[in-house]
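Visitor: For reference, the structure I am asking about is given below.
The values are calculated or read from the model by the stated rules, or taken from the named source; none is laboratory data. None of the values given here were measured: they were computed from a predicted structure. All Cβ positions, even for glycine, are placed from backbone atoms using ideal geometry, and neighbour counts span all protein chains on display. These accessible areas exclude ligands, DNA and RNA; they are computed on the full protein's heavy atoms, side chains included. Shrake-Rupley method; radii C 1.70, N 1.55, O 1.52, S 1.80 Å.
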Amino acid sequence: DYQTSHKVAIKLADYLAIRLTLDRLWLNQISHDLWKVEAKLSSLQNYFRKNLSEFRVRRRLYQGDLPEYLSHQAHSLTTQVNSERSHRQQWQQLADLIWTWQFSPMAEHKNHGSTDSPSVFNSGWRLFRLSQHLGLQANDIQALQATDLQTILTVLDEFTATERSKVWLSAYENHYRERFFNALRANHNRGRWAVRKTRPEAQLIFCMDEREESFRRHLEEHNPAIETLGAAGFFGVAMNYQGLDDSKASALCPVVVIPSHNVKEIPLASAQRTSESHNRGRKLNQMISHLLLQSSRTNPLLSYPVIYLFAPVTLIGLLAKTLLPKTQHHLVTSIANKVSPPVATQLNFTANDSDTIATPEQPKLGFTNIEQADRVTNLLRVMGLTNVFAPLVVLFGHGSTSLNNPHEVAHNCGACSGGHGGPNARIFSAMANRAEVRKLLAERGITIPQDTWFIGAEHDTCNENIDWYDLSELPTALQPAFNKLQRELTHTRQLSAHERCRRLMSAPRNPSPKAALEHIENRAADFSQSRPELGHATNAAAVVGRRALTQGIFFDRRVFLISYDPTQDPEGKILEGILLAVGPVGAGINLEYYFSSTDNDRFGCGTKVPHNITGFFGIMDGTSSDLRTGLPLQMTEVHEAMRLQLLVEAKPSVLEQIYERQESLRELIAGGWLHLSTKDPDNGDIHVFERGTGFVLWEGDTEELPTYQKSPACYKDKSEPVSPALIKQL
């Protein structure tokens, strides 16, 4: 009603009067404390005319359109700092930043005019950076017309982030390629075994893995009478292998191959008693493991007693693992060997010639004599090792040993499907030592001297350890040569470890070779070590050719080395088989590291620290995430992402024919997944394959510079405007 409305109006008027009075008093107090003026419009206008920087900052902050980095600074300045009179430099610096941002392309320009025309605010920095890349000076820019500048900026806008990334990648790859090719050219004909004329003291065959490059280099430098070769780490023997303590067989061959033969490791007849002790100890270990791991988790009655009983022992073991990892590892290994003593074994790999034909669907146990001879012949011919055999020929498979590492398989032999290549080296050596096989080889033109003996071994790329197989069968006459080789390998292990330490942040700086090896061994035995080894990180190139091509060059553990003798393969039949294996394997490893390092969150799997094994088929982050794919950050953080440079010692015409015949190689090469080049075995010329063109001669430092780097038109006559065509060329 009227009376109620009248009362409400009176109360509202009183409230407004009080509010305005209080606001006036409050504003007077703030104006006096902050700006030393009265709270009047004329006084404030007079103050801000003399302090325009503060006015600009406060006005833009009030409008609420500043970006976060400027808004944060403005808010801090208005709440924590007094007026511009006492802190003039801070207000002026922030006002300048806001002014620059206001006219930049990042700001909205509804009230500031269009950015279509070049100005110092929206184009100056871009033009300055572009001039740096093109080598243009201030006078060159001043000589250009406004339309020319606009054309340059238009071309720059069309140069998208994707195109820029492609250019930077190509430049990075070309930079490495030039150094790589120059090293090969300078090393032309430097090696000793382009054609074998003298008998080496020993021939060591390693996996093509680039981690073996440093090991081979140090060994050859220490003893030049030793020859090293490289091949795919399964050594041409695809098999389902079942070790002495394995519950089932595992395929040791490339993933694209399905083995047709089974091989088993069995105890020697003379080691029957030791085998029985070994099996008893193994069963005891399994019982204890079952009690600790299974009963304590699933049995509610046994879980608490087991936990309280073994807690002190577990605590002591955990402390020892943390403080003395190498000592603890040796102690546990020695106890395990006493409980379950090691057994002398042999491989059951020989089948009767009358046995049925083996198939992937129905694999058979062992290889016939002819099948063994086929595999030995193929590998020796692939490597070009068909004559001048050394007294000792050692095949080194490889694997990696580390603790608490869900990604350990990624450090093993890729040619063995992520397994250890030692069994492949062992069976190949056993085949090559058989008299029946050597007789068949002689009929095929490969004569192995009677005093030549093959030995299988496995090199651990993590701790640099070497395990030997079947040394009891080594002829007595070769024992002194083998002892000498062992001493040289011990020295090589130390040098290889020393070279690896420089890339490991937690490794000692400038250690002695002996201290470096001790550190590397400690890393492999440390269950808290997230970087036991760096794997294939920094891999960049592959060379298929004779060791003479690369011997003596420091490749920094970045190059896959595959032995091949083009003089024994004029039609390229052997080379074709090598490329069909090396191309996908090398490119696959390279691209796995490439994508995992360029975008580890998406294509990799992040840091391995929170990884949990899920179902024994994948890993997750902690307790809840999608299955992570790719490589962890610790394996890729030092990788330099680039596509593989594959160089083959062969005639370009031979590679052209292989390229035409093999679609899988065309997909890799024409698709740009790897770079192919050749080195002529006769004259040493290097040719580079260019997509859409073919092989082009590489001339290195003598290559002619592009026209614009010689004499741009704008350098000749500053008065003439630059044509759009020249701008696009720039």
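Visitor: Roughly how many percent of the accessible protein surface of segment 170-247 is carbon and sulfur, given a 1.4 Å probe and a whole-percent answer?
Guide: 50
Visitor: Would you mind estimating how fast segment 440-483 diffuses translationally, via Stokes-Einstein at 4 °C and 1.567 mPa s with the Kirkwood radius over Cα pairs, in µm²/s?
Guide: Diffusion coefficient, whole number: 101 µm²/s.
Visitor: A 20 angstrom limit on the alpha carbon distance is what I want to check against. Which of Lys573/Lys651; Lys197/Lys679; Lys248/Lys283; Lys264/Lys364; Lys283/Lys364; Lys197/Lys484 exceed it?
Guide: Over 20 Å Cα-Cα: Lys197/Lys679; Lys283/Lys364; Lys197/Lys484.
Visitor: For a label point 7 angstrom out from the Cα of Ser165 toward its Cβ, which stretches of segment 641-664 have the backbone nitrogen within less than 18 Å?
Guide: Within reach of a label on Ser165, which here means backbone N under 18 Å from a point 7 Å along Cα→Cβ, segment 641-664 contributes 641-644.
Visitor: Report the local net charge at Lys50: Lys and Arg +1, Asp and Glu -1, summed over other residues whose C-beta lies under 15 Å from its C-beta.
Guide: +4
Visitor: First compute the accessible area of segment 597-638 with a 1.4 Å probe, then give the percent of it belonging to carbon and sulfur atoms. Don't skip to the end; give the middle numbers.
Guide: Numbers: 1380 of 2490 Å².
Using a 1.4 Å probe with all protein chains present, segment 597-638 comes out at 56 percent carbon and sulfur.
Visitor: Sticking with this one: Subtracting the Cα-Cα distance from 0.36 nm times the residue separation, let me have the gained length for Glu158 to Thr567 in nm, one decimal.
Guide: Between Glu158 and Thr567, full extension yields an extra 142.2 nm.
Visitor: Once you place label points 7 Å from the Cα toward the Cβ at Gln29 and Lys248, how far apart are they in nm?
Guide: With each label placed 7 Å out from Cα toward Cβ, I get 8.1 nm.
Visitor: At a probe radius of 1.4 Å, what is the per-residue accessible area of Lys248, in Å² to the nearest 10?
Guide: 140
Visitor: Which far-off residues, 5 or more places away or on another chain, put their amide H under 5 Å from the one on Asn262, with H placed in the peptide plane?
Guide: Asn240, Lys364, Leu365, Gly366
Visitor: Taking 0.36 nm per intervening residue step and subtracting the Cα-Cα distance, what contour gain separates Lys364 from Asp467 on full extension?
Guide: 34.3 nm
Visitor: Rank these residues by their accessible area, most exposed first, probe 1.4 Å: Arg59, Arg602.
Guide: Arg602, Arg59
Visitor: State the Cα centre-to-centre distance between segment 203-254 and segment 72-90 in whole Å.
Guide: Cα centroid of segment 203-254 versus Cα centroid of segment 72-90: 69 Å apart.
Visitor: Can you work out the FRET efficiency for the pair His133 and Lys484, with r the C-beta to C-beta distance and R0 = 56 Å, to the nearest 0.05?
Guide: 0.45
Visitor: Averaged across orientations, what area in nm² does the convex hull of the alpha carbons in segment 245-294 project?
Guide: Mean projected area of the Cα convex hull: 5.4 nm².
Visitor: So, counting K/R as plus one and D/E as minus one, what does the shell of residues with Cβ under 12 Å around Ala525 add up to?
Guide: -1
Visitor: Still on this model: Compute the accessible area per residue over the chain, keeping the other protein chains in place, probe 1.4 Å, unit Å².
Guide: 54
Visitor: Still on this structure, I have one more. Using amide H atoms built 1.01 Å from N in the peptide plane, name the residues 5+ places from Leu392, or on other chains, whose amide H lies under 5 Å from its own.
Guide: Placed amide hydrogens put Gln203, Trp453 under 5 Å from Leu392.
Visitor: Moving on. Taking Cα centroids, how far is segment 555-583 from segment 155-182 in Å?
Guide: The distance from the Cα centre of segment 555-583 to that of segment 155-182 comes to 28 Å.
Visitor: Between segment 434-512 and segment 352-389, what's the alpha-carbon centroid distance in Å?
Guide: Centre-to-centre (Cα) distance: 23 Å.
Visitor: From the phi of every residue in segment 464-470, what ³J(HN,Hα) in whole Hz does the Karplus formula 6.51 cos²θ - 1.76 cosθ + 1.60 yield, where θ is phi - 60° and glycine or proline is x?
Guide: Working through the residues one at a time gives 6, 6, 10, 9, 10, 10, 6 Hz.
Visitor: Sticking with this one: Apply the Karplus curve 6.51 cos²θ - 1.76 cosθ + 1.60, θ = phi - 60°, to the phi angles in segment 199-214 and return the couplings in whole Hz, x for Gly and Pro.
Guide: Each residue's phi maps through the Karplus curve to give 8, x, 5, 7, 10, 10, 9, 9, 5, 5, 3, 5, 5, 7, 4, 5 Hz.
Visitor: Also: Which residues' amide hydrogens lie under 5 Å from the amide hydrogen of Glu640, considering only partners 5 or more residues apart or on another chain, with H built in the peptide plane?
Guide: For Glu640, the qualifying residues are Thr538.
Visitor: For segment 386-473, what size does the Cα cloud have along each of its three principal axes, sorted from largest down, in whole Å?
Guide: 49, 24, 20
Visitor: Just add up the charged neighbours of Leu27: K/R +1, D/E -1, any other residue whose Cβ is under 10 Å from the Cβ of Leu27.
Guide: Around Leu27, the charge tally is 0.
Visitor: Using only alpha carbon positions, build the gyration tensor of the chain, then give the equivalent ellipsoid semi-axes as the square roots of 5 times its eigenvalues, largest first, whole angstrom.
Guide: Whole-Å semi-axes of the equivalent ellipsoid: 67, 41, 22.
Visitor: A follow-up question, please. Per 5 Å bin, what percent of the C-alpha pairs of segment 470-527 does each bin hold, from zero upward?
Guide: It works out to 4, 18, 21, 16, 11, 11, 10, 6, 3, 0, in whole percents.
Visitor: Read phi for every residue in segment 83-99 and hand back ³J(HN,Hα) as whole Hz from Karplus 6.51 cos²θ - 1.76 cosθ + 1.60, θ = phi - 60°, with x for Gly and Pro.
Guide: With the stated coefficients, segment 83-99 comes to 5, 5, 4, 9, 9, 5, 5, 5, 5, 5, 4, 5, 5, 5, 4, 5, 5 Hz.
Visitor: Still on this model: Please return the longest stretch of the chain lacking exposed loop sites, where GluC sites (Glu not before Pro) count only if DSSP places them in a loop and at most 11 other Cβ atoms lie within 10 Å.
Guide: Result, exposed sites excluded: 109-360.
Visitor: Just the number, please: Stokes-Einstein D of segment 492-645 in µm²/s, Kirkwood Rh from C-alpha pairs, 4 °C, 1.567 mPa s.
Guide: Estimated diffusion coefficient is 72 µm²/s.
Visitor: For Ser303 and Tyr69, what does the FRET efficiency come to when R0 = 60 Å and r is the distance between their Cβ atoms, rounded to the nearest 0.05? Intermediate results must be reported in sequence, preceding the final value.
Guide: Details: r = 55 Å, r/R0 = 0.92.
Using R0 = 60 Å, I get an efficiency of 0.60.
Visitor: As an exercise, use a Förster radius of 35 Å and the Cβ-Cβ distance of Gln142 and Ser86 to find the FRET efficiency, rounded to the nearest 0.05.
Guide: Efficiency computed from Cβ-Cβ geometry: 0.25.
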